[in-house]
1. Would you check if Asn122 is of a type outside the set (A, V, I, L, M, F, W, C), loosely packed, with under 14 Cβ neighbours inside 10 Å and modelled with pLDDT under 95?
2. Which ones in the stretch 20-52 are closer than 13 Å to Val9 by Cα and touching a helix residue (DSSP H, G or I) at 6+ places or on another chain (Cβ under 8 Å)?
3. Within the stretch 174-213, count every residue that is aliphatic (A, V, I, L, M) and either assigned by the TED database to the domain that holds Ala20 or not in a helix (DSSP H, G or I) (or both).
4. When Ile81 is evaluated against the numbered criteria (1) farther than 30 Å from Gly285 by Cα; (2) under 20 Å from the mean Cα position of the chain (by Cα); (3) surrounded by fewer than 23 Cβ atoms within 10 Å (Cβ to Cβ); (4) among the β-branched types (Val, Ile, Thr), which criterion, by number, is the only one it fails?
5. Working carefully through the options Arg307, Arg249, find the one that is over 30 Å from Pro191 (Cα atoms), out of contact with any Pro (no Cβ under 7 Å at 6 or more places or on another chain) and of a type outside the set (A, V, I, L, M).
6. Say we look at the stretch 155-199 and pick out the residues that are open to solvent by 60 Å² or more (accessible area, probe 1.4 Å) and of a type in the set (Asp, Glu); which of these is farthest from Val211 (Cα to Cα)?
7. I'd like to know if the stretch 12-32 contains one or more residues that are open to solvent by 10 Å² or more (accessible area, probe 1.4 Å), within 18 Å of Ala115 (Cα to Cα) and modelled with pLDDT under 95.
8. Tell me, please, whether a residue that is over 25 Å from Leu308 (Cα atoms) and either in contact with an Asp or Glu (Cβ under 7 Å, 6 or more places away or on another chain) or in the same structural domain as Val263 (by the TED database) (or both) can be found in the stretch 84-92.
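The values are calculated or read from the model by the stated rules, or taken from the named source; none is laboratory data. This is a predicted model, so every value here is computed, not measured. Here Cβ is always computed from backbone atoms with ideal geometry, including for glycine, and neighbour counts include all displayed protein chains. Just so you know, the surface numbers come from the protein's heavy atoms only, side chains and all, with ligands and any DNA or RNA stripped out. Shrake-Rupley method; radii C 1.70, N 1.55, O 1.52, S 1.80 Å.
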Amino acid sequence: MMSRPLPTVFDQALASAVRAPSPHNTQPWRFVVEHEVIEVWLDRDRVLDIADPLGREARLACGAAAFNLVICLRANGLAAIVRMLPDPAEPDLVAVIRLDGNQKATAAERKLAEAVFRRHTNRRPMLDKEVPSAARTALKSAALQEGGQIEYLNVSGRYSTVASLVRQAETLQSDDPAFRAEAAFWTHREPGSPDGVPRVAAGPPPYGPGVVTLRASHENENLPPREYEQEPLLGVVLTRDRGPHAEVRAGMAMQRVLLTATVEGLATSFLSQPFETPRTREALGRIFAGLGQPHTLLRIGYGSPTRLTARRPIEDVLTHRAGRDVPAS
């Protein structure tokens, strides 16, 4: 029987959890702590009604938060067991993380846990500098460790097709008043906003058309236009299975990839548009049908540091509970 973990360890783990990325920084999660168990719940009130009506991206975000919890606990010498979607009667109970004694933290776990507080989405131009093969291999290994995979488009022959879908989805969204209104609500926030994307974290308008299109809603029109990299490294995160369970697993794989990229000195951002319109999402599924279910598309490279976006206080997303049994692992 392990001794009760110090409150500061759980506090640090929860502070790590909320640093996970989420669409428009909506932070669609809640946490329930009971004795030596942390539950991760999907917060339906923060799921994007237009861009993410089925909660796919929200479950990715919750999976990323669960990974941050686990890596922080392990870096502090605590063994942590994860069960994803453990209760069919509670589909919004995304994951249950149960402490299981002590273990020696590895150097890799400590590096990933430290990277949680440096990782951020970089929406600004990146250098036209190739990502070395050693770093690409490290990201591939990271995805595999969480039961996912990352496929680089520049070597798969799918680059131009996927880039075209990104542009197509951005056009469809820009022509849809509901999409524009939803994005406008969550973006161009003031610097101290606890959620959403502040204007200072947005990128400058592109100087000219690029191979891929960044979100128009994430542009800071107060900045002068700049030229973006012509052919960024793109990687799609996939799982062999599909459905809500796979989405949570993909979120954990995605977050290990993002943190590994941070450790490797790489910048990352998301090209989520093609996952948010039915036509382009179905086309992506057909393109990767032989590899698995695509969940998110990452832009990877070298860029200048940008400001971290804020998160809601822990007390706003945390509930303490006593007296209820959690399904055994």
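1. Numbers: of a type outside the set (A, V, I, L, M, F, W, C): yes; loosely packed, with under 14 Cβ neighbours inside 10 Å: no; modelled with pLDDT under 95: yes.
It is false that Asn122 is of a type outside the set (A, V, I, L, M, F, W, C), loosely packed, with under 14 Cβ neighbours inside 10 Å and modelled with pLDDT under 95.
2. Selection gives Val33, Ile38.
3. Quick first cut of the stretch 174-213, residues aliphatic (A, V, I, L, M) only: 178, 181, 183-184, 197, 200-202, 211-212.
Subset that is either assigned by the TED database to the domain that holds Ala20 or not in a helix (DSSP H, G or I) (or both): 197, 202, 211-212.
Adding up the residues that qualify gives 4.
4. (2)
5. On the way: Arg307 fails: over 30 Å from Pro191 (Cα atoms).
Sole residue among the options that is over 30 Å from Pro191 (Cα atoms), out of contact with any Pro (no Cβ under 7 Å at 6 or more places or on another chain) and of a type outside the set (A, V, I, L, M): Arg249.
6. Glu190
7. yes
8. Initially, the stretch 84-92 is screened for residues over 25 Å from Leu308 (Cα atoms), giving 84-92.
Keeping just the survivors that are either in contact with an Asp or Glu (Cβ under 7 Å, 6 or more places away or on another chain) or in the same structural domain as Val263 (by the TED database) (or both) gives none.
Scanning the stretch 84-92, I find no residue that is over 25 Å from Leu308 (Cα atoms) and either in contact with an Asp or Glu (Cβ under 7 Å, 6 or more places away or on another chain) or in the same structural domain as Val263 (by the TED database) (or both), so the answer is no.
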